[in-house]
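Visitor: Just dropping this structure here.
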Amino acid sequence: MKLRNKRVKNGLSTGENRFGWLLVSPSMILISILVFIPMIQAFITSLQSGLANNLQFVGFDNYFKLLNDATFLKAAGNTLLYLVIQVPIMIVLSLLIASVLNDRKLKGKAFFRTAIFLPCITSLVAYSIIMKSLFSGDGLINQLLLNLNLIADPINWITDAFFAKVLIIIAITWRWTGYNMIFYLSGMQNIDPSIYEAAEIDGASTFTKFTKITVPMLKPIILFTTITSTIGTLQLFDEVVNITNGGPANATTTLSQYIYNLSFKFSPNFGYAAAVAFVIVVAIVVLSVIQMKVGKSDD
């Protein structure tokens with residue numbers, strides 16, 4: 001019996017345990033080579049300054065420099081603004097749409113689900129160009145608002161600092177709402193219908209069923225989509241570059257675009273760009289941990 005206990009670990013024999021490690025080792029090796037090692041190299045680069053072939057060690061000077069960099073602070077503020085406004089709107093909108101499309105009595109569900117999900121598989125560059133055209137001075141959106149007498153003059157969606165931010169938020173929401181909707185819809189379809197039937201017998205309204213049954217039972221999925229949406233927003237790049245190019249006057253610039261500019265558009269400074277990149281890394285880690293703690297504390 002003692003010999004058997006030595007051979008068993010977590011319910012697996014020694015041979016099974018070794019075979020399991022053998023199966024996962026290729027993935028672990030690839031992740032280390034393609035993710036963790038480059039991350040370490042990037043952190044080392046963030047402690048240096050200069051061109052790629054002439055980097056000099058400067059310690060944490062690049063990180064201290066960020067505190068006095070007006071462009072970095074502007075880009076960080078813009079990114080935070082997109083995160084605080086767009087992510088909650090998208091999460092709530094995705095939940096509401098998924099709830100409507102989960103109705104068994106709704107006709108044409110397949111069409112609506114496909115139509116709402118299609119933006120997610122649309123080319124980032126293509127949809128950004130379309131958005132820029134739709135919201136231009138003489139674009140379809142301005143023409144529609146003028147015809148409905150909602151505005152007296154065309155809105156400068158691209159050249160006005162406020163409306164340019166609004167346009168970016170609209171564009172991101174249009175593209176990614178359907179992506180989160182699919183997760184919520186699949187989760188709702190796994191909820192036992194008898195729970196809703198019992199609530200109806202007790203006289204629960206549609207709103208009560210949604211807030212007291214649907215949302216609590218989807219909490220793990222909501223936490224997952226919130227974290228992934230947060231990560232995606234902190235890395236926002238394509239929409240800003242293709243729609244407003246960070247303008248006007250850096251009013252829509254994000255941290256990812258600033259990293260690109262530091263590396264390839266301005267005088268190359270890969271060390272400083274790496275330092276900005278690690279700000280994003282730290283922000284992602286901190287916000288993800290906070291969201292997971294909040295989600296766990298509600299259990």
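Visitor: Can you give the FRET efficiency to the nearest 0.05 for residue 103 and residue 212, using r as the Cβ-Cβ distance and R₀ = 22 Å?
Guide: It comes out at approximately 0.80.
Visitor: Sticking with this structure for a sec: Percent of accessible area on the chain owned by carbon and sulfur, 1.4 Å probe?
Guide: 68 percent
Visitor: Okay, next question. Just need the Rg to Rh number for region 83-184, please, alpha carbons only, Kirkwood Rh.
Guide: So for region 83-184, dividing Rg by the Kirkwood Rh gives 1.03.
Visitor: In whole angstrom, and with the biggest value first, how far do the Cα coordinates of region 154-194 range along each principal axis?
Guide: Ordered largest first, region 154-194 gives principal extents of 52, 15, 13 Å.
Visitor: With Rg and the Kirkwood Rh both taken from Cα atoms, where does Rg over Rh land for the chain?
Guide: Here Rg/Rh amounts to 1.07.
Visitor: Further question: Please identify the trypsin sites (Lys or Arg not before Pro) of region 89-131 that satisfy two criteria: DSSP loop assignment and at most 10 other Cβ atoms within 10 Å. Which are they?
Guide: 104, 105, 107
Visitor: May I pose another question? Could you compute Rg(Cα) / (2.2 N^0.38 Å) for region 28-128, with N its residue count?
Guide: 1.75
Visitor: Amide H of residue 48 versus every other amide H placed in the peptide plane: which residues, excluding those fewer than 5 positions away on the same chain, fall under 5 Å?
Guide: Correct list: 58.
Visitor: Could you tell me which of the pairs 109/132; 165/293; 65/265 are separated by over 22 angstrom between their Cα atoms in the structure shown?
Guide: 109/132; 165/293
Visitor: Name the longest site-free stretch of the chain, where the excluded sites are chymotrypsin sites (Phe, Trp or Tyr not before Pro) in a DSSP loop with no more than 16 other beta-carbon atoms within 10 Å.
Guide: The answer is 61-236.
Visitor: Rounded, prolate or oblate: which fits region 209-274, taking a ≥ b ≥ c as square roots of the Cα gyration tensor eigenvalues, rounded meaning a/c under 1.5, else prolate when a/b beats b/c?
Guide: Prolate is the answer for region 209-274, as a/c is 1.5 or above and a/b outweighs b/c.
Visitor: Go through 235, 289, 22 and say which Cα lies farthest out towards the positive end of the charge dipole of the chain; charges sit on Cβ, +1 for Lys and Arg, -1 for Asp and Glu.
Guide: 22
Visitor: Might you report the magnitude of the Cβ-based charge dipole of region 73-164 about its Cα centre, with Lys and Arg at +1 and Asp and Glu at -1, to the nearest 20 debye?
Guide: Details: 7 positive and 4 negative charges, 119 e Å.
I would put it at about 560 debye.
Visitor: Two-decimal Rg/Rh of region 108-262 from alpha-carbon positions, Kirkwood Rh?
Guide: 1.08
Visitor: Another question about this same structure. Of 140, 42, 271, whose Cα points farthest to the positive end of the dipole of the chain (charges on the beta-carbon: +1 Lys, Arg; -1 Asp, Glu; origin at the Cα centre)?
Guide: 42
Visitor: Can you tell me the dipole magnitude for the chain around its Cα centre, using point charges on the Cβ only (Lys, Arg +1; Asp, Glu -1), in Debye to the nearest 20?
Guide: Using only the charged Cβ atoms, the result is roughly 1240 debye.
Visitor: Let me know the charge dipole size of region 193-299 about its Cα centre in debye, to the nearest 20, where only the beta-carbon of Lys, Arg (+1) and Asp, Glu (-1) is charged.
Guide: 320 debye
The values are calculated or read from the model by the stated rules, or taken from the named source; none is laboratory data. All figures in this text were calculated on a predicted structure; none of them were measured in a lab. Every residue, glycine as well, gets a Cβ built from its backbone with ideal geometry; the counts of neighbours run over all protein chains shown. We work out accessible area using only protein heavy atoms, side chains counted, and drop any ligands, DNA or RNA first. Shrake-Rupley method; radii C 1.70, N 1.55, O 1.52, S 1.80 Å.
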